[in-house]
Structure formats: C-alpha cells, structure tokens
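Contents: one structure, followed by commentary.
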Protein chains: 4
Amino acid sequence: MTASSQPQPGRVGYAIVGVGQLTKDELIPAVRESEHAYLAALVTGAEDKPEVSGISPLRPEDIYAYEDFGKLADRDDVQAVYIVLPNALHREYVEQAARMGKHVLCEKPLASTPEDAEAMVQACRDAGVLLMTAYRCQYTPEHWAVRDAVQSGQLGPVRLLNLVHSHVEEDRGAWRLDRKLAGGGPLPDIGLYCLNTARFVLGREPQWVEAALDQPQDDPRFREVERSVSFRLGFAGGVLADCQASYAALDVNALRVLGEQGRAAMDPAFQYSDLCLTVTTAEGRQQPDFPAYDQFSLEMDHFAACIRSGAQPWTPGEEGLQDQRLMAAIYEAARTGKRVTLDAPEGRDVFRGTPPQVPGR
Amino acid sequence: MTASSQPQPGRVGYAIVGVGQLTKDELIPAVRESEHAYLAALVTGAEDKPEVSGISPLRPEDIYAYEDFGKLADRDDVQAVYIVLPNALHREYVEQAARMGKHVLCEKPLASTPEDAEAMVQACRDAGVLLMTAYRCQYTPEHWAVRDAVQSGQLGPVRLLNLVHSHVEEDRGAWRLDRKLAGGGPLPDIGLYCLNTARFVLGREPQWVEAALDQPQDDPRFREVERSVSFRLGFAGGVLADCQASYAALDVNALRVLGEQGRAAMDPAFQYSDLCLTVTTAEGRQQPDFPAYDQFSLEMDHFAACIRSGAQPWTPGEEGLQDQRLMAAIYEAARTGKRVTLDAPEGRDVFRGTPPQVPGR
Amino acid sequence: MTASSQPQPGRVGYAIVGVGQLTKDELIPAVRESEHAYLAALVTGAEDKPEVSGISPLRPEDIYAYEDFGKLADRDDVQAVYIVLPNALHREYVEQAARMGKHVLCEKPLASTPEDAEAMVQACRDAGVLLMTAYRCQYTPEHWAVRDAVQSGQLGPVRLLNLVHSHVEEDRGAWRLDRKLAGGGPLPDIGLYCLNTARFVLGREPQWVEAALDQPQDDPRFREVERSVSFRLGFAGGVLADCQASYAALDVNALRVLGEQGRAAMDPAFQYSDLCLTVTTAEGRQQPDFPAYDQFSLEMDHFAACIRSGAQPWTPGEEGLQDQRLMAAIYEAARTGKRVTLDAPEGRDVFRGTPPQVPGR
Amino acid sequence: MTASSQPQPGRVGYAIVGVGQLTKDELIPAVRESEHAYLAALVTGAEDKPEVSGISPLRPEDIYAYEDFGKLADRDDVQAVYIVLPNALHREYVEQAARMGKHVLCEKPLASTPEDAEAMVQACRDAGVLLMTAYRCQYTPEHWAVRDAVQSGQLGPVRLLNLVHSHVEEDRGAWRLDRKLAGGGPLPDIGLYCLNTARFVLGREPQWVEAALDQPQDDPRFREVERSVSFRLGFAGGVLADCQASYAALDVNALRVLGEQGRAAMDPAFQYSDLCLTVTTAEGRQQPDFPAYDQFSLEMDHFAACIRSGAQPWTPGEEGLQDQRLMAAIYEAARTGKRVTLDAPEGRDVFRGTPPQVPGR
C-alpha cells in the first residue's frame, strides 16, 4: 500500500467511479502526484474487482462494485466522487452522489442533454454539494497563457479563432459510437474541447452558431452518430471561431487565435501532455517554457481546494451546462442549415467560479 | 536594354497593364526568369511614364499611357496582355484586349461580379483569344503535392480542410477597401486563395456554402467592405472545408487537409515564396524538397505555352467565373444566415483546361 | 503491494542498489513497465529505509541497508543486481555481486578508471555471471534509426559527426563534482553519451583522439573536475567526430551525422524521452514516428532476456571498459595538447554482444 | 540602361572584377538594391564580354577585359573595385588597384597565404586607399543579434560554440579544388565562415588551435586539397569553439553558442538569405523577426559609406589577414597533431574598424 492511498489529514479523499483506460493510465497516477487529494476508493464492475485490485494501490475493501456505490455514503473519508462513466450515466450517479452528500467532479461532457445537465446542477445545489465539470484544459499554464495573451491585449483585438480536434475511432463497438450512451459523436467528445476552449480563451459567450455535419450512410461506424462536425461561433465584436472535429481523421488537435497585433497557436493543444504554444507578434516568434505538471492532478487539486474552502470551482456544473446548451444549438443549426441565435449573457466568465492556481502563472 | 526585353523568336511578348508594387517587385523580374515569355510593353498612368521608364528595361516607346492602350493593336510582337488593375476595371480592359485580338492573362479575382466575369469569358470566346485567370497557387509544386497526396489516396479519404489567409490592411485609402473598385473586401482578395485552393486540391465543386461576415460600424477602414469573413464549403462525401480571411489580423496564410490515413499542412501556403509543406502519416512527418521556381514565371510560361499550342489554360476564365459565382453565394449566405445550395457539376476539374508543367513533378 | 513486485515465474528479479532520483523517478516505474523483469529488492542507506519503504511497492523486508548487501546472496529470487551508485563505488559492488553469483547491470560510466573497469570485467568472467553497462541510448529505436541510416548507406559515406551534451550543475555538494567519487567531471557523466553514441552509430572504434578542457581557477564548483570538455575522435576513412560537454551551459543534447547523400539530426538526443530525429536527403526532410517505450524498461528487459538465454548483452562490461580507456586517452590528449593514437581493433561492434530487440525495428 | 548604372552624385561607383555566378546572381542585383553604390564597370575575360554585355545593365564601353584592368585608372567615376577572382589572384589585383588609387573590397579569403595578405594590407596602406574583406556575415542583423546576445550577457557566460558548414563539391574541375588557385580546400572557402563568425561573435581572438584533416588517397576530387576539416579554437576564459567544414557532405550551415543562462542557434547560418535564429533561455524559445535585406548590398553600402567618410571598414584587410594567419596555424596543427599556441591580442575587436549600420538594430 503506498503512502498516497492512506487517509491523510488535510487531504481530500476521492472515490473514482469507472475504471477504464483513463482511470488506469491517467487518474490513478495523477492522484499520486496531487497535493491536496488522495485515492480512497474505486468503483467498478463486480467482475472487474480482482483486476482493479491488482493494478491499484488500494486495499480490497476499498474497491466497490457499481451496485454498492451507495455504500460510499458510510465512508466519511470519501469527500469527493469523480464520475468517469459513459455520458448517459452521468446524471444518475451525480444525483445519487449528491444525495449521499458527496462533492462531485464529473467528466466532460457533463451530460448527454441540456435537460440532464440542468437536473444535475439543480440536484447538487439542493444537496449543498459542489459540482465541477472536468475541463482539464482550463487548468493548464499553456491554455491560460493563450487566454492571458488575448485578454491582456498582447495580440491586439482578436478577429478569428480556429480549433480542430480529430482522431480515428477504430473500435466499432465503442460506447462513444452509441447515441444513447454518448449523446452524440465527435461533437460532445472531442469537438467539445474546441467549443469550450474558444469560450474560455475569450471569456465570453457566443451570440450565434452555424454548423454542418457529415454523417454518411455507408460507413457502419457512423450509423448513430456523426462522423465529422464543423461549427462556427459568433461573438460580440465580430469575432468568429471556427471549429472542426472528426472521428475519422488522423490525430490532430490544434488551435489558432488571430489578432490584429499578434497570434497564438497551440499544436498539439488538447492532449494530456507536451502542449506546444507559439506566440507571434511583429517582434518574432516565441515558444514560452512552462513548469512540468499533470493535467489531472491540477484538476483534482483545484476541486479539493474548493471543497476545503467552500469556493465555487472555476468550471462548475453551470459551465458544463452552458456547453450542453450550445451543443444542442449546434445540432439544430446543422439540421436546419440556419444560423441559430442565442441568449449571450454579458460580462466575463459568467458561468465560471474561482480561478485556479496555475503553475508558473 | 537587357536581352529579355527584345523580341525573341519563339517567345511570347507580354504587355503588362498596371505598374503597381506587384508589377515592379514580382512581374518584371519574373518575366526575366521565364522560359517562354518576354516583356514587350508596359501600360501605366501618363504621369508615371518617366518613373516606369527608370525602373524597367524597356525603351521609352514601349511604355504606354492607359489612354493609349488601344495602340497595342498595332504591336504584332505583343501577343498577350496581362491585366494587373483594380478588379472593377478588369472587364473593360479584357474586353478591349479581346477586340484587339490579344490573349489575356487577368489577375484574380477575375472580376467584381459574376456578370462581369461571364461577359469577359464570352468576349474572349467571341474574339477567339485565350483568357486565363492568374491563380498562381495552381502552378506551384507544393500545391500540386497536396493535390497529389489527396487524389492518390495517400491521405486516405479526406474529411476536413481548413484554410486561412489574413493580413493587416493599413492603408485606409487603398482601392481594396473601396467596394466599387474591389467588389468586396478580404473575400475576393485573399479569402479567394482559400476558396480556390480548396476546390483545386479536391478537384471538385462545392454543393453548398455557409458564411458569416464581420463588418463593424466603428472601424473607419471598413465602411464599405467586410473586415473578416468565414465560410464553409460542403462537398460530396461529407467533406467540409472551413475558410477564414481577414484584413485586420497579423499575417498568416496556411492550410490543412485532414484524411483518415494522413494529413497535409502548408504554412505558409499562399505567399510568393518559401512555401512549407508537411505531410504526416502513421509513419511520421515528411517535409519534401522542391526545385526552386518563381510563381509568376510559371504562370506566364504556362499561358505562353498555351498560346503557342492553342490549348485551353489550366485556369481559364471559366475557373475564375466559378469562384465569382461562389463568392456571390458566400455573400448571400452571410447576409441571410442560411446555407446556400449550389449546382455542383459532377466530374473532376470541370472548369479547368490543360494541366501545367510543374517543376519536379 | 502491486502485482509487479511479486516473484513471477519466467521473470527476472532485480535488486536495485542505490535509491536516488534516478531510481525513484525512472527505474522503479520502468520495472513496472518491463516485460521480463520485476523489482525484488532495493538496497539503500540504513537511515533511508523508512522513506524508501513509503515510495516503493516492496515489503519492508525487501529493503536492505548497504551493509546488508551481502544478504542478497540468500535471495534466490534476486538474479540480477542493478548498480546505481557513485562511480567510484561501482567496482566494489560489482565484485561483491559477482562473488554472490548475481548478474550485474551497472550504470555508466562503468568505473572511474580503466583499471577498475578491467577488474570488474574480469571478476564477472571469473564468477560466470553476465555484466552489462547501462547504456540506455543503445536500446532506443531513434538511435538505431540513426545507426541504420548510416550503415545502410542511406546517408552516403559519412564525413562528420557532432554531438553535444550540457546542463548546469547547480549543486556544489554533488558527488559528481568530487573527483574521487566521480572519476572526472562532465566527460564521464554526460560527455560519455557523445563518445558512446558516436562509436555505436558508426559501429567502429576511433584511431586517435584530441581534446581540450576548461577547468577554471575561479569557479568554486570546479575545483576538482573540468567545467567543459571538447574532444575529437578520428575514425578510419577520415570520419571526424567532434564532441562537447559542459556542466555549466543551459541544457542541450543533440547530435548530427553528416554524409555525402544525407544527414541525420537528433535534438534532443540523450534525454529520457521525447527524442526527435530528422533525416534529410535530396528528397526533403523526414521525421519518422516510433512506438512509445521506456528506455530503462528496454535496458532491463534486454538484460533479463540475456540472463535467461545466456547470451552476451549488447553493451557488456567490455563496451564500458573501452569507453573508460578512451576517456583516459581524452584526458591525456587534453593535458598534453597532442593527438593520442589508439589501438583500433578492426571489425564492427567488436566490444558488443547480441543485438537487442528494438521496438518497431 | 537602368537608372542604377548611371553615375550618381553622392553614390560610389564600383567596378566588379570577375563575372562568375556570384557576380551574376548576387552582386549585380545587390548593387541595384544598394543605397550608396552603383555599378560603374565590369571586368571579365575578353571572350566573355558579349555575354556579360547581355546580362548586365552597362554600356559596352563599361565592360573591360582583364588585360585592360589598368584602364580603370582613368575612370574617375570608379572609386571602388570589388575583387571576385580565384583566391590566388587577389594579391595581384588588389595591389594594382591600390596603385591606381582605387579603394578595394576583396572577396574572402583575403588571399591564399598570410604573406600575400600582409602584402595587400601594406600596399593599400601605402597607397592611402581603404581595403575591406568581404565578410558578409558580419553585416547581417541575425549575426549581430547573436553577438549582442553574447556580449550583453543575455546568455550568461559562454562556454562552448559549434559551427559547421558543408556542401558537396560536384565539379572536379572547379578552381576551388586546385591548391595553387584556392590556397586550400573547404577550410579557406567555407570553414572560414565558422572561424570568422566565432571570432566575430565573441569579439575576441583565439589563444590556440587544434585541428584534423580528412584528405583521402582514393577520391580524385581531393588530390590537392582536404575533403573535410575540423578545428578547435581556444579562447580566454576556457571558451571552446569547435568548427567543421566539408566539401563532401550534404549542404548544412549552422551554429550554436552555449552559455550558462541561454543559448543561440542559427540554422541556416551562412547562406545568402533565410537565416533562422533561435534564442533559448529559461523562459522559453524565441525566434526574432528581422527586416528584409540583401547581404551584398549591406556590404557594399558599408564600404561606400566608409569611402565617403574616410572611416576604417568594420572588416578591413587586417581582419582578413588575421584569419589567414589562423588558417595557417590550423593547417600546422592538423599536420603535427599538436595544439598550436598563438599570440592573442587583448581587447575587443582589435582587427576591426567602424561598426556598420545594421538593419533594425
């Protein structure tokens, strides 16, 4: 048993619900790296408990089957639950966790419909627990450097953004290709990074969206969800953000922000590590260095700090709900071929809470 | 008098009409580099004749004022006229050149409206002279390498393209900001590279367009034309091409083509030299080398070869007319906020003629 | 306790001797990733046992104090010992391990003098155990790709190599700055990568060396060892390899191999991950992709496979001994200002054993 | 006849002696771009006069045969002579030009032996004319940016430099492969860029040199001169500069300067255009932008300005003579295999004159 899996005074105990690749390869190591969190329990399929026991540092009694999720209610050392399940299951688990009085960190997308997302936000409010959407890219120094370059005026007035995220989904049986479980295709899964990052960088909400889908008749992978999606966000001041996502194009994830005095480009932009930022102005090109970090540790540490202080997280349920509404509008725009106008609240970061600690910032 | 300005057997004599920066910095040196062309005459403003005489290798009698353009009819050594004037003047000069029996190479965009473009194509047909639109990017080995990567299947099925072209228009008095002279803003000037290159690379015509403009009330530069434009082209097979152009964002010109087995990226993509192509597949990244060349020489040499052989140029007037129709549809889509469906002819390269010689291909 | 720390049939049990940053950050995780090895024991300072217990997956009884190193003789499950101690201690521990019948993987440099290295090779021969020098860069696909590019003739005849490795040694109390413990300064520590890689890539031994040191009077860090070193290796056929290393220059590690038909450049070249190889020929530049791997796992897996098959490792003690002799010649050349001629055995890879399995090769 | 080939008040008239590729492709266009110079005459082989007449903007009477070089004495409008001949002919033409009272810009290397170089410097002193060595890299903003990064302390104390310059000499009949005409092989031709740039960047003179040659028996191209050369320069403070040059390795030209707080890398570093500088410090990487310029125009403009003001050029004959002495020492070190100690004058830039105007500095 390693040190990080023992209850630790002043640290927040997490139960991670769902033990797929993300949990195995990223989240369990990330808890070890975190400052304010430790891994107190895992929840997985009953039949997977032995394997999970083998790969985790926990005692067998800390590994729960899904049907025993409710037993976490008795675990006072579990203050936070991290939901890492197929999108369509988010609502049920978040609501149950809230009823148990646990704070909830929920993987993105928050839900598979705006209605579900709304219910989840309400359930957490009613229970007096915090809800955070796990938007890891809003916690990295590279993404904050882009945002700072925009908001400090270093780039001059911003005119255009373009963001792209694609990879090839090879597994025809993946739940991500099942509309009921996923709520959509590349849009809610990887296109969401484009959408969410554009909003984060500008700190503003779009006034309208336009979109188009590619959903072929002849590709058996894409019977239920789109193969590719392309959408445009219109912001105040004429700023236009174009976003593209595909489940059938060789891996790429990149963004560009074009301003009158400069531009910022990140490529890669959305992967777990090795992000590369270039800022170009009249003086030349710069690739700033950033301290080493783990995206998932930053996320879990931020939420742990919020739990201890009672502060609203930077990316609360409301932030995830807003994207859910925008994605519904994007699907509508694609279906109708018409620009869909939105209620864009004024002000900056209206759906966000307390800014996180960003390494080196 | 340098050798290249003397009538040369087997070479096509050009008269260049309009002596701005492009002619001074690019076209006059390019004729010197060309294999099949020589500079026979220049046409400029009456008051600019002495200065033009100073910077060109021509005899004073080879330099004409605009009002004497008609005198070129008597110059048998002038077989081709290259029109480098504000867009709105293209029609008048092309029609007059056709009447004089001169073949015409016309700068892009071909005209400022589809109607003008159509009239120009008709006038040249009626006169039995060739008309070519000066799309220099359809003659470079780099752009052909992208097209070849797409059409050979090296990238697998193509899903998404994105193309961007911007720079800052500082000169408030530029004719490019005058709607009457330019016919539009960044769309016909620099966004046209995105539009035309997407069509060239795929060899297909779009089935629909969607678009949005940014035309602010409060920026005196953009009283008549848009500041930025973003448009999407939908092709058969679900291929989506997103294009962005701006007159108010720091110089960038780049393209990406995303396929299931690979991607091609060019950055810079639309400038006069130093294009940089990267092709990425499962094996890694490759930056092929290409022979040195001058884009404008290639263009003039191709047209000269067509004149001598009687072949239709690769980018004839019809190619420029098609873009003119598409740009009209883009403006309509932006105005209405609706997807505009187009007549997309089937077949490859339906508006193009004889493929050019491409260095190293 | 994780699965990887339990005796496993068919796997080789390692005891790692010395628990500094390298062991904590790289070797313990690497054993987890390995296919053929598992961690059976750790040997550390008596006072560090509790801390080591906290960070390792081992039972307390598997953690030994240095003075109890001899007790490993009774651990049949420990077949291999990995020595990760200051250079001057290598000989003593290797000899004792050999006497206990354990196979030995020893960190580079093999020793602090040629005499010590020779004695170690002899001791392992006498005891009938294998000795391998831990030259991790001879096991990566990137380094093999450079070697293959050279030896396949893809680059044409090779003329020049240059290799550089530097970083800033900030810790004035580091054992690496103590001549008795380290046997030298940047030469045996980081310059050795340049030396060893040049020999590996060519598969040949140098015929002479020339060198110069920078050992200032006025920098308290460098009272005992050189601050920088620069040396040149002369190979048959006129191939010249220039190498530079410094303890007082911002991190850089890179190599170039220049041939008549092409060149290979790796930058970074010697760090633990993210190596980047570019091969340039008349056709253009290529950056091949390689499968993911852990350098230390590859090393430990290769040695484990040799132990099971009885084969000589690719980088046996003899390989480390040869570098030790060359480093002595480099110091002599630097001291005398004269070219030092060497006995260069003919043939390829004369000091190397069975080639390793290289991922993706 | 273009404007730039007419005598111009306030401009310095140049006669260029030698009309090979460099003169045709670079120098004639460069004079056109210059601010303070114009082309007044060309000197070439008697049989080449017609061809030279065709490609130049000069009147036939401005084109001289070599045997008529002395007639330039009567041309008051020719104030400067630019010597672009095989190295071994430099002395004769410089001395004759000096006798005619013409200022002399001489291509690098200044001569083929230190004795010749010394005589040339003396002849110009005696005649009271200026002598400048055409070291174009000492006039570019990129090279000055490296020097400024070093001398401002931005990189911290400098420890190591490495510089490499190679290409494949295909033409077996080239005068560059003839020892009598060239005075050596890649060392005086392209290795000189490494030598001269190291000295320029540091502003200091080396205290010793070490070197090795590759001159094969079996390559017919290299019967008279070395194929490759590698040399090391030792400077005060323990700074070591390693340089490599080859006539038989695919084109590369690059430099690195490694300091304790940062490093500068230029790749390419020595070609006529498109130099690319990267400066790395703890903050990240930066690629500064520089204004456009022509290296040869900068050189000719600097010399013209010196002629008008009477100032000593930045790279006078003495600068070329010092390199000649160093190259002789390098050949000696290579021959003997011993470090050769030199008289290194103290002080900065001891062989240099008035700093040039550097674009954007």
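The values are calculated or read from the model by the stated rules, or taken from the named source; none is laboratory data. Bear in mind the structure is a predicted one, so any value in this text is a computation, not a measurement. Positions of Cβ are backbone-derived with ideal geometry, glycine not excepted, and every protein chain shown enters the neighbour counts. Note: accessible area is taken over every heavy atom of the protein model, side chains too, but ligands, DNA and RNA are not part of it. Shrake-Rupley method; radii C 1.70, N 1.55, O 1.52, S 1.80 Å.
Work out from phi, with θ = phi - 60° and the Karplus expression 6.51 cos²θ - 1.76 cosθ + 1.60, the ³J(HN,Hα) of each residue of the stretch B:40-56, listed in order in whole Hz, and give x for Gly and Pro.
9, 7, 10, 10, 8, x, 3, 6, 8, 4, x, 5, 4, 4, x, 9, 10
With every protein chain present, what is the per residue accessible area of chain B (1.4 Å probe, Å²)?
36
Quick check for me: using +1 on Lys/Arg Cβ and -1 on Asp/Glu Cβ, what's the dipole size of the stretch B:31-180 about its Cα centre, in debye to the nearest 20?
520
May I ask which of B:K102/D:K24; B:K49/D:K108; D:K24/D:K180; A:K108/C:K49 have a Cα-Cα span longer than 32 Å here?
Pairs exceeding the cut-off: B:K102/D:K24; B:K49/D:K108; A:K108/C:K49.
Given the convex hull of the Cα atoms of the stretch B:37-117, what is a quarter of its surface area in nm²?
The directionally averaged projection comes out at 5.5 nm².
By a straight-distance test (C-alpha under 17 Å), which lysines pair with D:K338 as possible cross-link partners, with residues fewer than eight away in the same chain excluded?
Excluding near neighbours in sequence, the set is C:K338.
In whole Hz, with x marking every Gly and Pro, tabulate ³J(HN,Hα) for the stretch C:350-361 from phi via Karplus 6.51 cos²θ - 1.76 cosθ + 1.60, θ = phi - 60°.
These are the phi-based 3J(HN,Hα) values: 5, 9, 10, x, 6, x, x, 6, 10, x, x, 8 Hz.
What ³J(HN,Hα) values, in whole Hz, does the Karplus curve 6.51 cos²θ - 1.76 cosθ + 1.60 give for the stretch B:78-85 when θ = phi - 60°, with x put for Gly and Pro?
Working through the residues one at a time gives 8, 9, 10, 10, 10, 8, 10, 10 Hz.
Compute the label-point distances linking A:A344 to its equivalents in the other copies; points lie 7 Å from Cα along Cα→Cβ; give nm, one decimal, shortest first.
In nanometres, ordered from closest: 2.9, 6.3, 6.9.
Which parts of the stretch B:137-162, residue by residue, lose 50 Å² or more of accessible area when the rest of the protein chains are there, as against the chain isolated (1.4 Å probe)?
B:R159, B:L160
Would you give the gap between the C-alpha center of the stretch A:285-360 and the C-alpha center of the stretch D:264-326, rounded to a whole Å?
Centre-to-centre distance over Cα atoms comes out at 49 Å.
Would you work out what percent of the accessible area of the stretch A:3-136, with all protein chains in place, is carbon or sulfur (probe 1.4 Å)?
The value for the stretch A:3-136 is 46 percent carbon and sulfur by accessible area.
Taking the rotation that carries B onto C, look along its axis and tell me which residue of B has the beta carbon nearest to it, distance in whole angstrom.
B:Q286, 2
Kindly provide the pair-distance distribution of the protein assembly as shown built from C-alpha pairs, with 10 Å bins from 0 and whole-percent values in order of increasing distance.
1, 7, 13, 17, 18, 17, 13, 8, 4, 1, 0
Other chains' Cβ within 10 Å of A:242-254 residues: what's the mean?
What the average comes to for A:242-254 is 6.
Can you list residues from other chains, or at least 5 along the same chain, whose modelled amide H is less than 5 Å from the amide H of C:D251?
Here C:V168 satisfy the definition.
Once amide H atoms are placed 1.01 Å from N in the peptide plane, what residues at a sequence separation of 5 or more from A:Y64, or on another chain, have their amide H within under 5 Å of its amide H?
HN-HN under 5 Å from A:Y64: A:L42, A:V43, A:T44.
Between copies, how far apart are the C:A282 label points? List them in nm, one decimal, shortest first, with each point 7 Å from Cα toward Cβ, please?
3.1, 4.5, 4.9
Can you list, shortest first and in nm, the gaps between the label point of B:G237 and those of its counterparts in the other copies, using a point 7 Å from Cα in the C-beta direction?
Distances between equivalent label points, in nm: 4.0, 4.6, 6.1.
Which of the aspartates and glutamates could a cross-linker span from A:K71 if the Cα-Cα distance has to be under 19 Å and same-chain partners fewer than 8 positions apart are dropped?
Qualifying aspartates and glutamates at Cα under 19 Å: A:E47, A:D48, A:E61, A:D62, A:E92, A:E95.
I need the helices of chain A that pass two filters: whole DSSP H segments spanning 24 Å or more by Cα along the axis, and mean Kyte-Doolittle score no lower than -1.0.
A:317-336
Give me log10 I(q)/I(0) at q = 0.08, 0.09 Å⁻¹ for chain C, Debye formula, one equal scatterer per alpha-carbon, no solvent.
The computed values of log10 I(q)/I(0) come out as -0.39, -0.49.
Please give the Cα centre distance for the stretch C:13-61 versus the stretch D:68-96, rounded to the nearest Å.
If you average the Cα positions of each part, the centres end up 76 Å apart.
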